[in-house]
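**Q** Quick one: this structure, given as structure tokens, is what I'll be asking you about.
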Amino acid sequence: MQTRNIFVVAAVAALTAASAQAQTSAFVNQDTISDTIDDLRDDVADDLKRDVDAFGNEGRPLGFTGSLAARANIASGNSDTKDVGLGANFGYFDGLNGHEFALSYAYSEDSDAAETNRLMLGYDYTRELNSSVYAYGKISYIDDKFGSYTKDTFAGVGLGYRVFNDPAMQWSIAAGPGFRWAEDDNGDSYDEFAASISSDYLYRINATTLFTNDTDVIWSDTDTYVSNDMAISVAMTDTLSLRGSILTQYHTDPLEGKKSTDNTYGLAIVYSIH
């Protein structure tokens with residue numbers, strides 16, 4: 001089976017509709033940007049890092065891969081708004097060990113009042129154990145000036161298993177322990193054990209259309225976080241695809257005044273490096 005890694009390079013006509021103001025934690029992939037239901041904005045950060053046909057290292061090309069994404073919306077007149085974002089993703093694979101670095105930054109303001117100011121950093125290491133099992137380690141950091149957790153760091157390790165791995169369908173599950181260091185918007189700090197479970201599913205509808213559904217559950221004593229990212233990708237050329245997605249985020253214990261559920265709808269152009 002021949003597979004490839006998909007990286008987002010530019011997003012167009014992205015529609016973000018957030019049902020509430022549930023905030024992002026360090027357990028989220030580098031690709032999660034949440035706004036209010038009234039916001040309509042271009043968004044590349046949601047699709048920063050979504051590999052749609054390879055889990056772990058399988059199918060990765062040898063050597064370096066990467067992508068860079070940027071967006072900017074500025075309006076003046078009756079309404080003065082600014083919305084900028086930057087995303088970068090770089091990886092290296094030597095045939096057995098895989099390394100992945102990711103960065104995402106988003107900033108927006110309305111009438112000189114900042115609404116979003118979020119930096120997300122991540123590093124993933126994966127090592128193939130056999131054709132079905134892989135090991136992983138990950139570190140992620142979020143600095144979110146307007147989130148429930150203004151600073152959030154997560155480090156974890158675990159094992160992944162490919163339940164199905166053929167050209168038509170792929171399903172991978174992974175789990176492992178971790179640790180969390182966080183500071184919330186009230187100034188309280190948390191240092192605690194955490195555990196993660198994830199599921200990545202892909203179904204090839206036809207030669208040009210893919211359906212994916214990725215689910216992550218992170219448990220810690222302070223909060224349990226659930227994320228589900230469902231998408232359909234349609235290939236337009238050998239390197240360009242159109243992706244429509246729905247991202248749902250849920251926190252069991254948001255801060256007072258914050259809602260628990262957030263929904264994000266996106267439409268993006270995806271560039272494939274393979």
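**Q** With respect to THR264, determine if the residue is among the β-branched types (Val, Ile, Thr) and modelled with pLDDT of 75 or more.
**A** No, not satisfied.
**Q** In region 195-225, what count of residues is obtained for those that are within 18 Å of GLY176 (Cα to Cα), aliphatic (A, V, I, L, M) and either over 19 Å from the mean Cα position of the chain (by Cα) or surrounded by fewer than 17 Cβ atoms within 10 Å (Cβ to Cβ) (or both)?
**A** Total satisfying the criteria: 2.
**Q** Can you pull out the residues in region 189-246 that are free of Cβ contacts under 8 Å to residues at least 24 places away in the same chain and within 26 Å of ALA135 (Cβ to Cβ)?
**A** Within region 189-246, ASP191, ASN213, THR215, VAL217, ASN228 meet the criteria.
**Q** Keeping to region 78-96, report how many residues are over 20 Å from SER198 (Cβ atoms), modelled with pLDDT of 80 or more, in a strand (DSSP E or B) and not hydroxyl-bearing (Ser, Thr, Tyr).
**A** Residues that pass the stated criteria total 2.
**Q** Something else about it: Can we say ASP191 is surrounded by fewer than 18 Cβ atoms within 10 Å (Cβ to Cβ), more than 21 Å from GLY122 (Cβ to Cβ) and acidic (Asp, Glu)?
**A** The answer is no for ASP191.
**Q** Let me ask another. Within the set of pairs 6 or more residues apart or between chains, which connect a residue that is modelled with pLDDT under 90 inside region 168-184 to a residue that is polar (S, T, N, Q) and not in a strand (DSSP E or B) with Cβ atoms less than 7 Å apart?
**A** ASP184/SER148
**Q** Looking at this structure, is LEU86 under 19 Å from ASP152 (Cβ atoms) and under 19 Å from the mean Cα position of the chain (by Cα)?
**A** no
**Q** Mind counting the residues in region 95-116 that are in contact (Cβ under 8 Å) with a residue 24 or more places away in the chain, surrounded by fewer than 20 Cβ atoms within 10 Å (Cβ to Cβ) and under 15 Å from GLY66 (Cα atoms)?
**A** Residues meeting the conditions: 2.
**Q** When the residues of region 111-144 are filtered to those that are over 17 Å from ALA155 (Cα atoms) and of a type in the set (S, T, N, Q), which remaining residue is modelled with the lowest pLDDT?
**A** Filtering first and then ranking leaves SER111.
**Q** Checking LYS138 against (1) more than 17 Å from ILE173 (Cβ to Cβ); (2) without any contact (Cβ under 8 Å) to a residue 60 or more places away in the chain, which test does it fail?
**A** (1)
**Q** Moving on to the next point. Condition first: of a type in the set (Asp, Glu) and in contact with a strand residue (DSSP E or B) (Cβ under 8 Å, 6 or more places away or on another chain). Now tell me which residues in region 83-104 satisfy that.
**A** Result: ASP83, GLU100.
**Q** Then there is this: Restricting attention to region 117-164, report how many residues are buried (at least 18 other Cβ atoms within 10 Å of the Cβ) and not in a strand (DSSP E or B).
**A** So the count comes out to 2.
**Q** Listed residues THR222, THR248, THR252, THR212; which is farther than 30 Å from ASP184 by Cβ and of a type outside the set (A, V, I, L, M)?
**A** Matching residue, one of THR222, THR248, THR252, THR212: THR212.
The values are calculated or read from the model by the stated rules, or taken from the named source; none is laboratory data. Given the structure is predicted, the values throughout are model-derived calculations rather than measurements. Note that each Cβ is placed from the backbone with ideal geometry, even for glycine, and that neighbours are counted across all protein chains shown.
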